1. What whole number of Å gives the distance from the Cα centroid of region 289-350 to the Cα centroid of region 227-251?
2. Based on the alpha carbon coordinates of region 160-301, what radius of gyration and maximum Cα-Cα distance (Dmax) apply, in Å?
3. Using alpha-carbon positions, what is the distance between the centroids of region 115-169 and region 354-377, in Å?
4. How do 138, 120 line up, fewest other C-beta atoms within 10 Å first?
């Protein structure tokens, strides 16, 4: 029950209820057949994931032609670029979340993980992401959009998951904030030695990309502007260090902008240790490959992304060297022969366009979700955003388009204004557009 879609390609730009299929959707042998949604010429459109790509697709999809169903373990959207701000209290958590059900009231939503996809029978096996709900269910699709995102990449280094913090979810930011305050409280205890104070107030950030840099900048401002008043005797012992295996931080940015951020960090006392390789993580210490042990009070791990088990195990889909699904310019998932798999699309961090690998960022995922929505609604759309990063002290860096008459890179206060304006504009709801500047 699919229709032919023809227009310009996009050359730029989980595990777990819901209702089982009704008896009419199964044959006597129990096999799932393709969905037939009465009155919906496009059939059932299933969206996996409630992140940037999934939510942008959900927001304006034509529910007159499609029976739209979103499946995701998280029943809300998270404005991930501002997670670092919430982890230090610059913003409150409620200002960067949006309930999925409010975004398209005519669509259905099931809080569940998708465990497996059968491309032959066009069926999904899912498991509820709710307490005391352990009964898996199966449903079918006519069109499928895979936008499940990716996991934080630990590169198989032992101890990272046990002793480090990630920044992918609201719960992660909450734990980071609680641990920062806990370290200052423990360091202020009368029986805490000066040596232990230095260890507790050593904050390690592994990863010199935008997430690691922005968190380091936010943490520095938090310590300098807020915690200084609460723990004046401890501030001089607080130390932030950014670790990366590359030769410099912000490798995806223009060299001049990356150098500007490095110099800004140096002036603020944030240490940068590049070409540093970690062998393992133990409780409260990093162990480098040369045997050096570095104590820490808080470890934030922001080294990049890796594919989820659902993506890795999807067959016969083609995968890139980084295990992302490979799509054509129309975001259609390709099989091992390079042929589009019928009615299966992928976008966001879990996928890459063949011959045009774009970075796994919120901007790209958002724009792909918008483009795919327009594609499925038969209206083309194409736009790209520019990389930007906050580096602390009301300063930011932002790249500009090659065809722009502006300088190649904008830095400082002007870039900070553009950074905040862009994130405010991209806020999903009018409510958050009001709350964010109030709490900022």
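Taken together, the values in this text are just the output of simple stated rules run on the coordinates, not laboratory data. Model, not experiment: these values are computed from the prediction. So basically every Cβ, Gly included, is an ideal-geometry build from the backbone, and we count neighbours across all protein chains shown.
1. Answer, in whole Å: 31.
2. Cα only, region 160-301: 14.9, 48 Å (Rg, Dmax).
3. Here the two parts' Cα centres lie 20 Å apart.
4. 120, 138
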